[in-house]
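What follows is a short report on a single structure.
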Amino acid sequence: MKRPMMKRLTLLAATALVPCVAATPALAAEDAPDQIVVTAQALNATRVMGEGDLGALGRKKAEDVPFTVRSYNEALILNQQPQTLGQVLENDPTVRTSYGFGNAAEQFVIRGFALYGDDVGLNGLYGIAPRQLVAPELFQSVQVLNGASAFLNGAAPGGSSLGGSVNLQLKRAGADPLSRVTVGYTSDANFGGSFDVSRRFGEDGAFGVRVNAAFRTGDVAIGGEFRRTTVIGGAFDWRDDNTRLFLDLGYQKVEVDGLRPKVTIGTATIPKVPRADANYAQDWTYTDLRDVFGVLRFEQDLGEHAMLYVTGGARDGSEQGIYGGVTVLDAGTGAANGNGLYVPRTDNNEALEAGLRVKLGSAVTQEISIGGSAVWQVNRNAYDFRYGPGFAGFATNIYDTPQVALPASALVGGNLDDPFPISRTRLLSTFVSDTVGLLGDRVLLTGGVRLQDIEVKSYSYGDGSLTGTYRKAAITPVVGLVVKPTEGLSLFANRIEALQQGPTAPIDPSVVNAGEVLEPVKSTQYEVGGKLRVGGIEAGLSLFRIDLPVGYSVDIGGGLKRFGLNGLQRNEGIEFTVNGEVAKGLRLIGGASVVDAKLRRTSGGINQGNRAVGVPDWTGNAGVEWDVPATGLTLTGRVVHTGKQAVNVANTLEIPAWTRFDLGARYVLVAADKPVTLRFGVDNVANKRFWASAFDVFSAALLQGQPRTFRASASIDF
């Protein structure tokens, strides 16, 4: 750490400590500080909850559903001080983060398949959360569902979510009042602060209001990379005995300058990893993201055992940037070719879901869910390939990067000043399910079906005219079984599908069905597993198989071919997670995942049996928190391991496994009867340099891991 940064960090900590030390002697009761410290430690405990919002089935405990689901609480977000959603999901042993499209766009790898930022849910709705990058401060929980979910949530509009999904729950007013102010620091020079206020009013607290906001700005640990984030959220709710109304509003603005890009491999060997904080970006690269979004939800109890609900949301998004690309041409010297791409884009999305849930019976129970959902999305964008004359790009180097002028335009598409629509997407669905409970709900059998209609209209970049319409329907069923042989043990099995838009046969004279639009692609998942709860510990084990059909053309004789879903990628694996309080004051978040992702049926047998690109052979996490008795001090540590990954389809290139160590601490003390929490953490303590991910849907490209990063913050609850 640079000396000026250390001075600033010391000053930050001292500023927070001085009023605390000065105020503590004024406490009236001798034991009050101890009580406050213990209470604050308990409230700030980082936890993973075995529950989540399962779309058509509603909010459920993990032990009651035949799926793998868990939620990371807001205390984890506050304590770990993450700047992006990906940094929250670093806690999950079954999820890894990459970049999607060469810009500041996080995508997640779950069970060996991509989850795009476009397909992250917000309060159960698709298309409403900010895309590309998500600031975590506005959220009460981050929920992870492992596995396919086309029945539960509907088809993801971005076409991902094949191996798992993420749903964000915005903060809401709780039963207890809250007034919190936080100041924070992230190395090398990123400073910020936040506030969080929550109150309930009226008889029995019928009205609730929660307003929270955060701002941070400055250079991060990667050399020359600057980030600025502004977020503000407001949650308003009203409830009586039978009716509940919720309104959630949010605003996010993110600026990233000098983003360290992914590195495309254009050589027969993998280049040595640059120094941990190296940045091979050009100074003219930037990403600006702005999102305004909101969700309105109405719930009405129809008697004791039935509920009607309607949820609607909208998002207005704007982004633009000049994104940099780097292709290594000489692995030994690091010599590379660089380019730029300017993209202005806006998104206007709406989503709606409505349904009815009814629970019947006593000895034999039935929980029936019926409803429907709709998603409308309009994407406007344009592009300007800044590659220079002849698409030649410019000379650069990942080890010693020269700064060059922005290349001239090589190709422009669309209206750069006022982009017109390039695509319009409409997803409609209806669903029905029935969960039958036997033996006092110790046996739960779920069956359901969702009818989905996908319509996508594409428009020309040249003049905005309609170029094609895709409209197909599909039925995605689900069947699941839960058996609880004893208290705390839940065994389960499921068959469920994922759904995405089908491909179009290539325009080729030898392809007899050239231009044919295929039916939506269904990925079929089979899963069995168990969940165990002993005291404060929750553990889960699951085995799964997901088959993804892949399109290519096959010979049919006479020099002709037919395009179809003739290929197959099969991902098989086993996941283990363990979370909770092992002993008083000792908490664990950990687990491991093994995924065997293979190409099972390939065109002409080429690459048959090869590993899928970018899927680690295994991943593992072990995170620990220990409240040191009678001190107010909590020590934290985490180990993150990611196995080797294939870089290309031929499997001639791979990146090695890597392991990262994180350490931290937080300390609770008292100022004028109010708890103050000081936090300090170091990610990648050893400053290890490593290629973190090879997951890329377009090319053989690598994402470098983050360098050693210091984080510090101080919070006071009034």
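Ordering T602, V697, A473 by the projection of their Cα atoms onto the charge dipole of the chain, which places +1 on the Cβ of Lys and Arg and -1 on the Cβ of Asp and Glu, puts T602 at the extreme positive end.
One Cα centroid belongs to region 655-718, the other to region 556-624; the line between them spans 26 Å.
Counting only Cα atoms, region 582-651 measures 68, 18, 10 Å along its principal axes, largest extent leading. Region 199-236 and region 28-100 have their alpha-carbon centroids 17 Å apart.
Where the only charges are on Cβ atoms (+1 Lys, Arg; -1 Asp, Glu), what is the dipole of region 497-540 about its Cα centre, to the nearest 20 debye?
On the way: 3 positive and 6 negative charges, 65 e Å.
Roughly 320 debye, rounded to the nearest 20.
Computed over every Cα-Cα pair of region 396-466 and binned at 5 Å starting from 0, the pair-distance distribution P(r) comes out as 3, 10, 10, 9, 8, 8, 8, 9, 7, 7, 6, 7, 5, 2, 0 percent. Neighbour counts of other Cβ atoms within 10 Å put T486, T230 in the fewest-to-most order T486, T230.
Net charge dipole, the chain: roughly 1220 debye, given to the nearest 20, about the Cα centre with Cβ charges of +1 for Lys and Arg and -1 for Asp and Glu.
Pairs of Cα atoms in region 626-718 fall into 5 Å distance bins, from 0 up to the last occupied one, in shares of 3, 12, 17, 14, 13, 10, 9, 8, 6, 5, 3, 1, 0 percent. For region 78-127, the ratio of Cα radius of gyration to the globular rule of thumb 2.2 N^0.38 Å stands at 1.16. Using 17 Å as the cut-off for backbone N distance, which residues of region 78-112 belong to the label zone defined by a point 7 Å from the Cα of T659 along Cα→Cβ? Taking a point 7 Å out along Cα→Cβ of T659, the residues of region 78-112 whose backbone N falls under 17 Å are 93.
A straight line joining the Cα centroids of region 337-359 and region 377-423 runs 23 Å. For region 3-717, taking Cα atoms only, Rg and Dmax work out to 25.9, 95 Å respectively. The alpha-carbon positions of region 173-253 define a convex hull whose volume is 81 Å³ per residue. Taking label positions 7 Å along the Cα-Cβ direction at both V412 and R442, the computed distance is 7.3 nm, reported to one decimal.
With +1 on the Cβ of every Lys and Arg and -1 on the Cβ of every Asp and Glu, and nothing else charged, how large is the dipole of region 87-218 about its Cα centre, in debye rounded to the nearest 20?
Numbers: 10 positive and 11 negative charges, 21 e Å.
Once rounded to the nearest 20, the dipole reads 100 debye.
In region 42-167, Cα pairs under 8 Å separated by at least six residues give a relative contact order of 26 percent. For region 219-233, the residues whose backbone nitrogen is under 20 Å from a point 7 Å from the Cα of A189, taken along Cα to Cβ, are 219-230.
Once C-alpha pairs closer than 8 Å and six or more residues apart are averaged by separation and normalised to the residue number of the chain, the relative contact order reads 12 percent.
By how many nm would the segment from K644 to L532 lengthen if fully extended, with 0.36 nm per residue of separation less the alpha-carbon distance?
On the way: separation 112, 0.36 × 112 = 40.32 nm, distance 3.03 nm.
In short, 37.3 nm is gained.
Farthest towards the positive end of the charge dipole of the chain, among the residues V640, H305, I537, is the Cα of V640, using unit charges on the Cβ of Lys, Arg, Asp and Glu. Annotation: extensible slack from E203 through I368 equals 56.1 nm (criterion: 0.36 nm per residue apart, minus Cα-Cα distance). Taking Lys and Arg as +1 and Asp and Glu as -1, the other residues whose beta-carbon sits under 13 Å from that of Q377 total +1. The GluC sites (Glu not before Pro) found in region 247-349 that occupy coil by DSSP, while having at most 11 further C-beta atoms within 10 Å, are E304. Given L170, V134, G218, which one lies farthest toward the positive end of the charge dipole of the chain, if we put +1 on the Cβ of every Lys and Arg and -1 on the Cβ of every Asp and Glu? Of the options given, the answer is G218. Start at zero, step by 5 Å, and the Cα-Cα distances of region 354-429 spread as 3, 11, 10, 9, 9, 9, 8, 7, 6, 6, 5, 6, 5, 4, 2, 0 percent across the bins.
Within 14 Å, Cβ to Cβ, of D118, how many net charges do the neighbouring residues add up to if Lys/Arg are +1 and Asp/Glu are -1? Mind showing how you got there, number by number?
Details: positive: R131, R315, R345; negative: E106, D119, D291, E319, D347.
Neighbourhood net charge equals -2.
In terms of its Cα atoms, region 221-352 spans 72, 28, 26 Å along the principal axes, sorted from long to short. Amide hydrogen proximity for Q569: with H placed 1.01 Å from N in the peptide plane, the residues at 5 or more positions away or on another chain lying under 5 Å are L548, V550, R600. Under the combined filter of DSSP loop state and at most 14 neighbouring Cβ atoms within 10 Å, region 547-585 retains these trypsin sites (Lys or Arg not before Pro): K584.
From the helices alone, meaning DSSP H stretches of at least four residues, give me the mean residue ellipticity at 222 nm for the chain, per-run term -39500 (n - 2.57), in deg cm²/dmol to the nearest 500. Before the final figure, lay out each step's value.
Details: 5 runs with 49 residues, N = 718.
Value at 222 nm, helices only, nearest 500: -2000 deg cm²/dmol.
Here, each number is a calculation from the coordinates, and none is a lab measurement. Worth saying up front: this structure is predicted, and the values here are computed from it rather than measured. Glycine also receives a Cβ, built like all others from the backbone with ideal geometry; neighbour counts cover every protein chain displayed.
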